[in-house]
Amino acid sequence: QVQLVESGGGLVQPGGSLRLSCAASGSFFSINTMGWYRQAPGKQRELVARFTSGGSTNYADSVKGRFTISRDNAKNTVYLQIPSLKPEDTAVYYCNAAGLLRGGRFFDSWGQGTQVTVSS
């Protein structure tokens, strides 16, 4: 089992900042990819930013240059820094991680989500 716990969401005004955190725990052998997705009302879940299996990063065009993904491997934690939020960023943000369990099986886990609301 691999558990993901997100935190850091909240209600902010346009131009406000947030830093989302996601901590992974469980009996995993390795995490190959880890990142953030979001889902706005009436829309499908979409990629925001992630670390690839090769250690690089991918960003959605809508957040490129605005959001920054980072990680602390020692803590099995990934972060999403959002310096200046827009109303269009309002969504539930979900953490995702995929990799291998100790027994060699593949896992693909999702957190419960953290709400980000940008409103004046």
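Looking at segment 35-62, which of the residues that are part of a strand (DSSP E or B) and among the small types (Gly, Ala, Ser) is nearest to residue 90 (Cα to Cα)? It comes out as 49.
The listed residues are 32, 96, and the only one of them that is open to solvent by less than 60 Å² (accessible area, probe 1.4 Å) and either touching a strand residue (DSSP E or B) at 6+ places or on another chain (Cβ under 6 Å) or assigned to a strand (DSSP E or B) (or both) turns out to be 96. If you go through segment 35-65 and keep only what is of a type in the set (Lys, Arg) and surrounded by 14 or more Cβ atoms within 10 Å (Cβ to Cβ), you end up with 38, 45, 50.
Taking segment 99-113 on its own, how many of its residues are open to solvent by less than 20 Å² (accessible area, probe 1.4 Å) and touching an Asp or Glu at 6+ places or on another chain (Cβ under 9 Å)? The total comes to 3. Scanning segment 66-93 for residues that are of a type in the set (Phe, Trp, Tyr), open to solvent by less than 20 Å² (accessible area, probe 1.4 Å) and in a strand (DSSP E or B) yields a total of 1.
What do you reckon, is residue 19 in contact with a Gly (Cβ under 9 Å, 6 or more places away or on another chain) and modelled with pLDDT of 95 or more? Yes, satisfied. For residue 20, are the conditions met, namely being assigned to a loop (DSSP other than H, G, I, E, B) and of a type in the set (A, V, I, L, M)? No.
The values are calculated or read from the model by the stated rules, or taken from the named source; none is laboratory data. Predicted, not measured: the structure shown is a model, and the values here were computed from it. Please note: Cβ atoms are built from the backbone with ideal geometry, for glycine as well, and neighbour counts cover all protein chains shown. Quick note on the areas: whole protein, heavy atoms, side chains included, nothing else; ligands and nucleic acids left out. Shrake-Rupley method; radii C 1.70, N 1.55, O 1.52, S 1.80 Å.
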